[in-house]
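Step one of this worksheet: look at the structure below.
Readers should treat all values here as calculations from the given coordinates under stated rules, not as data from a laboratory. Note that the structure is predicted; figures quoted are calculated from it, not measured. Positions of Cβ are backbone-derived with ideal geometry, glycine not excepted, and every protein chain shown enters the neighbour counts.
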Ligand SMILES: C[S@@+](CC[C@H](N)C(=O)[O-])C[C@H]1O[C@@H](n2cnc3c(N)ncnc32)[C@H](O)[C@@H]1O
């Protein structure tokens with residue numbers, strides 16, 4: 001990536017982090033769910049395409065993994081379709097908030113919550129894996145920033161390198177990513193893991209003359 005774009009993305013990242021930090025704690029009504037998002041936990045963001053597509057993708061017979069569950073929104077939406085959902089996050093405050101949100105929305109008996117660094121605590125295989133990863137390659141300064149920063153893309157690389165071992169035959173990954181991260185690096189990881197990618201949705205955003213595109217991909221083998 002050209003150094004000037006990297007410099008502008010750093011500023012974009014810092015501004016977005018400050019806004020997110022100042023907006024918490026929050027009570028959110030979104031897609032029919034009531035979510036309480038405490039300090040230290042990533043709140044649902046974007047135009048909602050990724051989250052809406054989860055409900056379209058998940059079938060009642062699917063076993064679903066929500067990687068990096070944050071407030072639990074993806075797991076809760078998946079649990080509106082499937083009764084076999086596992087939701088994990090490296091941030092223990094996110095795991096606790098997501099579990100409380102599941103109780104609040106009446107789906108706690110359909111989701112198992114675990115603290116996990118990517119797949120470290122995950123067992124078994126899944127029909128659908130959801131992941132809205134941190135987009136930037138910077139070092140996170142605190143638990144909240146783990147939602148947007150993944151130093152040198154360690155988590156993204158671990159996820160893309162190992163995901164195939166956690167998918168059942170015919171399994172699908174719904175992945176959210178944007179050009180506010182290094183999307184060329186993501187494409188290299190997708191190719192190296194021999195996944196086919198389809199674009200299910202795009203969203204354009206311009207802020208301070210920096211334009212970014214967000215994508216929802218479906219990855220299959
Ligand atoms: C962009 S947020 C997405 C949250 C939620 N899935 C959503 O759609 O709103 C990324 C999430 O990934 C989690 N995360 C970051 N690194 C992780 C890792 N190594 N293992 C598991 N989760 C991680 C963060 O704590 C955060 O909750």
With springs only between Cα atoms under 10 Å apart, run a GNM on the chain and tell me which of 70, 181, 48 wobbles the most. 48
Taking only the alpha carbons of the chain, the radius of gyration and the largest Cα-Cα distance, Dmax, both in angstrom, are 16.3, 49
Given contacts defined as C-alpha pairs under 8 Å and at least six residues apart, what's the relative contact order of segment 161-221, whole-number percent? 44 percent
At R0 = 30 Å, how high is the FRET efficiency between residue 31 and residue 4 if r is their beta carbon distance? Nearest 0.05 is fine. 0.20
How would you rank 62, 184, 150, 142, going from fewest to most other Cβ atoms within 10 Å of each one's own Cβ? 184, 142, 62, 150
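Return a whole-number percent for the relative contact order of the chain, with Cα pairs under 8 Å and 6 or more residues apart as the contact set. The partial results should precede the final answer.
Details: 422 pairs, mean separation 36.1, N = 221.
Relative contact order, the chain: 16 percent.
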Residue span residue 202 to residue 52: 0.36 nm per residue of separation minus Cα-Cα distance leaves a gain in nm of 52.7 nm
Out of 190, 173, 129, any idea which swings most in a Gaussian network model of the chain, alpha carbons joined below 10 Å? 190
How far is the Cα center of segment 11-80 from the Cα center of segment 189-206, in Å? 19 Å
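How many times 2.2 N^0.38 Å is the alpha carbon radius of gyration of segment 81-164?
Numbers: Rg = 13.5 Å, N = 84, 2.2 N^0.38 = 11.8 Å.
Taking the Cα Rg and dividing by 2.2 N^0.38 Å, one obtains 1.14.
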